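One structure below.
Please treat every number below as a calculation from the coordinates, not as lab data. From a predicted model like this one, the values you see are computed outputs, not experimental measurements. Methodologically, a virtual Cβ is constructed for each residue, glycine included, from the backbone with ideal geometry; neighbour enumeration extends over all protein chains shown.
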Amino acid sequence: MKIRMKNHEAPVSEKQWRAIIDCDSSYDGLFIYAVLTTGIFCKPSCRSRVPNRGNVIVFGHAEEARTAGFRPCKRCKPTDRLGPIEDWVARITQYIDDHYKDPLTLEALSYHCHGSPYHLQRTFKRWKGMTPGEYIQRTRIRKAKELLAGSDKPVAEIGTAVGMPSAPYFITLFKRKTGYTPADFRKLLREKTR
Ligand SMILES: [Zn+2]
């Protein structure tokens, strides 16, 4: 079998190389790597012997590696559906969407969505580009904006309704994220729509 490098095949980056050495499953689904000398491709989490870095190239998807002439590793089965991790991240996201009103901690999330806090945090960040904490804040601010626009509820009450019962904290975070205090944000909206 002859394998040739094409321009869409990238050499391995520092981050990806780390993931391969550490068998870091939080990268599974984000890339796969192929080894030029063996003609085999693997998931980052594969426990097989670490290849020589110079022989490694990465692909976004298993199909690309197969098209380029590589065979899937029998040990880590990189062509299997990535279901588990994708589903897990979707479940965590859904849990936050349903429970942003409650006091949500990383521990509570990992208890309800099963998995260690450390692994949950890392995996979520890889897939969503932000930590669960950042996603929770973003969700709360988005809901607060909706309530400010669509109701006359006092600001403190809105903070409580979106899971931030401390009014000073709610106002500070809202201002940091939007540039306005909740009261100013509401006033501005009203002026615009008048
Ligand atoms: Zn493998």
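State the answer as a single residue: which of S25, F41, F185 lies farthest towards the positive end of the charge dipole of the chain, with beta carbon charges of +1 for Lys and Arg and -1 for Asp and Glu, about the Cα centre.
F41
Label points 7 Å out from Cα along the Cβ direction at D80 and Y111: separation in nm?
3.1 nm
Could you give the nm distance between label points at D97 and T193, where each point is 7 Å from its Cα heading toward the beta carbon?
2.4 nm
What percent do you get for the relative contact order of segment 50-173 when only Cα pairs under 8 Å and 6+ apart count?
Working: 77 pairs, mean separation 21.6, N = 124.
RCO, segment 50-173: 17 percent.
Could you check how many percent of all C-alpha pairs in the chain are farther apart than 22 Å? Let's see the in-between values first.
Numbers: 10952 of 18721 pairs.
So the portion of pairs separated by more than 22 Å is 59 percent.
Using a Gaussian network for the chain with springs between C-alpha atoms less than 10 Å apart, which of these wobbles most: D102, D22, D184?
D184
Treat every Asp and Glu Cβ in segment 10-72 as -1 and every Lys and Arg Cβ as +1, leave all other atoms uncharged, and give the resulting dipole magnitude about the Cα centre to the nearest 20 debye. Walk me through the intermediate numbers first.
Values: 8 positive and 6 negative charges, 43 e Å.
I would put it at about 200 debye.
Calculate, in nm to one decimal, what R47 and T172 gain on full extension: separation in residues at 0.36 nm each, minus their alpha carbon distance.
Values: separation 125, 0.36 × 125 = 45.00 nm, distance 4.64 nm.
Value of the extension gain: 40.4 nm.
Checking the cross-link filter: which aspartates and glutamates have an alpha carbon closer than 15 Å to that of K153, excluding same-chain neighbours under 8 positions apart?
D184
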